Amino acid sequence: MLYGLALVGLTVWAQPLVTGDMTGDGVVDIADVNAVINMMLGKNTLTSAADVTGDGVVDIADVNAVINMMLGKIQPQDVFARLDASMVLVNGGTFDMGTPTGVAQYSNAWERPVHIVTLTDFYVCKYEVTQELWQAVMDNNPSAFENERRPVEMVSWNDAQAFVLKLCEKTGKPYRLLTEAEWEYAARGGQAQDTTLYAGDNNLSRVAWYSVNAGDATHEVGKLQPNALGLYDMSGNVLEWVEDTHQDAYGNGSVENPLYFTDGFMPVVRGGSWRWGANYCRVGYRGYFPANTTNNYLGLRLARSVNP
């Protein structure tokens, strides 16, 4: 996708994200920072290379991106390339969604009734959204536990939606949050539908950072055992916002590609966190918070539509 930008009578067409080497001398240094600033101010001829973030605008975000490159931090285009490579195709299918009575000692009534759900194909990221990806998109890092490979946290559902919108603008790809049904289907292994209590194993410590083993903090993504689809941290690390809002109980009967929005606007979270116990890390567990809630155990995971 090409983006046009009119500035002081000139037009720049942004190509896919570039290296930030404005001067063409093979290094990213202060000369490149100055070049972007001059282009932003209309002093130099605009080029696609100045649009480092790929959003069709040459602005302070591009200056910051070049500074980060100069300091040896990851380049945005590498982050987006890794994201694209980390998307796993989940073949659709039919599964029993929900928690049967007696499976878990402390399951909630709103995890029932167990009902039949049919989903079409979708993509899901192997990892929770990391701080480096959030930084590349939003040019900030709200996280309490700073580390570029740890999941971003301290983000509300509203923040997550703003992030997804901007990510789509930057990449031209239909990223979004998972629906609640997609999340549970993927956590259970897709068509394989594992019968494990947690995402990938009945031994929670093998697959999740939670209150027993996390040491009161998040951890870098992808360090524990994945589930059958190769997805990491579906149980534990940070709770993951999904698209749906809470309802007091699932409906009866079979549904296809469900997405629920109810009065009160309390979006659902899935997967448990570093701070919570084992019960909250079950694949069937579902919680909810107001859409503007932030906490150091609230993050997100990305999905992408196959046929947008």
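If you check GLY222, GLY236, GLY230, which single one turns out to be among the small types (Gly, Ala, Ser), within 15 Å of LEU298 (Cα to Cα) and within 19 Å of the chain's Cα centre (by Cα)?
Details: GLY222 fails: within 15 Å of LEU298 (Cα to Cα); GLY230 fails: within 15 Å of LEU298 (Cα to Cα).
Of GLY222, GLY236, GLY230, the one residue that is among the small types (Gly, Ala, Ser), within 15 Å of LEU298 (Cα to Cα) and within 19 Å of the chain's Cα centre (by Cα) is GLY236.
Checking each residue in region 177-212 for being surrounded by fewer than 21 Cβ atoms within 10 Å (Cβ to Cβ) and not hydroxyl-bearing (Ser, Thr, Tyr) picks out GLN191, ALA192, GLN193, ASP194, LEU197, ASP201, ASN202, ASN203, ARG206, VAL212.
Got a sec? Which of GLY251, GLY299, GLY215 is small (Gly, Ala, Ser), crowded, with 17+ Cβ neighbours inside 10 Å and in the same structural domain as TYR185 (by TED's automatic domain parsing)? Quick ask: steps written out before the conclusion?
Details: GLY251 fails: crowded, with 17+ Cβ neighbours inside 10 Å; GLY215 fails: crowded, with 17+ Cβ neighbours inside 10 Å.
Checking each option against the conditions leaves just GLY299.
Based on this model, can you work out whether THR294 counts as assigned to a loop (DSSP other than H, G, I, E, B), without any contact (Cβ under 8 Å) to a residue 40 or more places away in the chain and not aromatic (Phe, Trp, Tyr)? Talk me through it step by step, then tell me what you get.
Details: assigned to a loop (DSSP other than H, G, I, E, B): yes; without any contact (Cβ under 8 Å) to a residue 40 or more places away in the chain: no; not aromatic (Phe, Trp, Tyr): yes.
No: the conditions fail for THR294.
What number of residues within region 264-279 are without any contact (Cβ under 8 Å) to a residue 60 or more places away in the chain and outside any loop (DSSP other than H, G, I, E, B)?
Looking only at that region, the number is 1.
You will find that of VAL117, VAL88, the residue that is surrounded by fewer than 19 Cβ atoms within 10 Å (Cβ to Cβ) and closer than 30 Å to SER254 by Cα is VAL88 and no other. On the given criteria, is TRP241 of a type in the set (Phe, Trp, Tyr), in contact with a His (Cβ under 8 Å, 6 or more places away or on another chain) and either surrounded by 18 or more Cβ atoms within 10 Å (Cβ to Cβ) or not in a loop (DSSP other than H, G, I, E, B) (or both)? It is false that TRP241 is of a type in the set (Phe, Trp, Tyr), in contact with a His (Cβ under 8 Å, 6 or more places away or on another chain) and either surrounded by 18 or more Cβ atoms within 10 Å (Cβ to Cβ) or not in a loop (DSSP other than H, G, I, E, B) (or both). Looking only at region 170-217, residues that are modelled with pLDDT under 95 and outside any loop (DSSP other than H, G, I, E, B) come to 3 in all.
Restricting the search to region 144-200, which residues are among the aromatic types (Phe, Trp, Tyr) and either touching a strand residue (DSSP E or B) at 6+ places or on another chain (Cβ under 8 Å) or more than 24 Å from PRO290 (Cα to Cα) (or both)?
Of region 144-200, the ones among the aromatic types (Phe, Trp, Tyr) are 145, 157, 163, 175, 183, 185, 198.
Within region 144-200, TRP157, PHE163, TYR175, TRP183, TYR185, TYR198 qualify.
All conditions but one from (1) surrounded by fewer than 19 Cβ atoms within 10 Å (Cβ to Cβ); (2) touching a residue at least 40 places away in the same chain (Cβ under 8 Å); (3) touching a strand residue (DSSP E or B) at 6+ places or on another chain (Cβ under 8 Å) apply to PHE261; the one that does not is (2).
Could you say whether any residue in region 200-211 is of a type in the set (S, T, N, Q) and at positive phi? Write out each step before concluding.
Restricting attention to region 200-211, the residues satisfying the condition of being of a type in the set (S, T, N, Q) are 202-203, 205, 211.
Going one step further and asking which of them are at positive phi, we end up with none.
Within region 200-211 (the criterion being of a type in the set (S, T, N, Q) and at positive phi), the answer is no, since none of the residues qualifies.
The values are calculated or read from the model by the stated rules, or taken from the named source; none is laboratory data. As the structure is a computational prediction, the values presented were derived from the model and not from experiment. Note that we place each Cβ from the backbone using ideal geometry, even for glycine, and neighbour counts take in every protein chain shown.
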